[in-house]
1. How large is the helix-only mean residue ellipticity at 222 nm for the chain, computed as the sum of -39500 (n - 2.57) over DSSP H runs with n ≥ 4, divided by its residue count, in deg cm²/dmol to the nearest 500?
2. Work out from phi, with θ = phi - 60° and the Karplus expression 6.51 cos²θ - 1.76 cosθ + 1.60, the ³J(HN,Hα) of each residue of the stretch 76-81, listed in order in whole Hz, and give x for Gly and Pro.
3. Kindly give Rg over Rh for the chain, based on alpha-carbon atoms, with the Kirkwood expression for the hydrodynamic radius.
4. Run the 1.4 Å probe and let me know the accessible area of Thr68, rounded to the nearest 10 Å².
5. Give, in nm to one decimal, the length gained when the segment between Glu51 and Leu99 is fully stretched (0.36 nm per residue of separation minus the Cα-Cα distance).
6. Which percent of the accessible area of the chain is formed by carbon and sulfur heavy atoms (probe 1.4 angstrom)?
7. Helix 17-49 versus the longest principal axis of the chain: what is the Cα-based angle in degrees, 0 to 90, to the nearest 10?
8. Where only protein heavy atoms count, and the probe is 1.4 Å, what is the accessible area per residue for the chain in Å²?
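The values are calculated or read from the model by the stated rules, or taken from the named source; none is laboratory data. Note that the coordinates shown come from a computational prediction; the quantities given were computed from them, not determined experimentally. Ligands, DNA and RNA are excluded from the accessible area calculation, which covers all protein heavy atoms including side chains. Shrake-Rupley method; radii C 1.70, N 1.55, O 1.52, S 1.80 Å.
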Amino acid sequence: FRQSTMSNPVPFKIKNKMRRAQLMLKMKQDMKQQRKVDRDKRRKQRDLTGEAPPIQRTIENMRVPDETIVLSDNEEVQEEENNDEYIEYYDENVPPKVLITT
């Protein structure tokens with residue numbers, strides 16, 4: 001399509017739907033390409049300085065450790081699991097007693 005006379009065309013001022021869609025697609029591709037170039041620059045800069053890549057912020061990384069959480073290697077938890085009265089049923093050592101009625 002023909003280039004606009006404006007240096008930065010504004011998509012919402014373009015009346016033709018097809019041209020507006022083409023312009024938006026081109027703008028989106030340019031933005032994606034620019035992000036890739038910026039990402040590559042940052043990666044090269046980190047390689048030159050020997051800096052580690054940034055740690056991604058996830059829910060698990062940002063979680064504050066809670067003292068009420070019990071880990072599985074805890075002695076009390078192991079003892080509770082060993083003394084569980086239903087462990088035979090869960091391990092399928094004893095068939096369950098089920099009565100099916102109609």
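1. Here the helix-only value at 222 nm equals -15000 deg cm²/dmol.
2. 5, 5, 4, 5, 4, 5
3. 1.41
4. Ignoring ligands and nucleic acids, Thr68 comes out at about 100 Å².
5. Values: separation 48, 0.36 × 48 = 17.28 nm, distance 6.59 nm.
Between Glu51 and Leu99, full extension yields 10.7 nm more.
6. So the carbon and sulfur contribution to the accessible surface is 52 percent.
7. That helix lies at roughly 70 degrees to the long axis.
8. It amounts to 106 Å² per residue over the chain.
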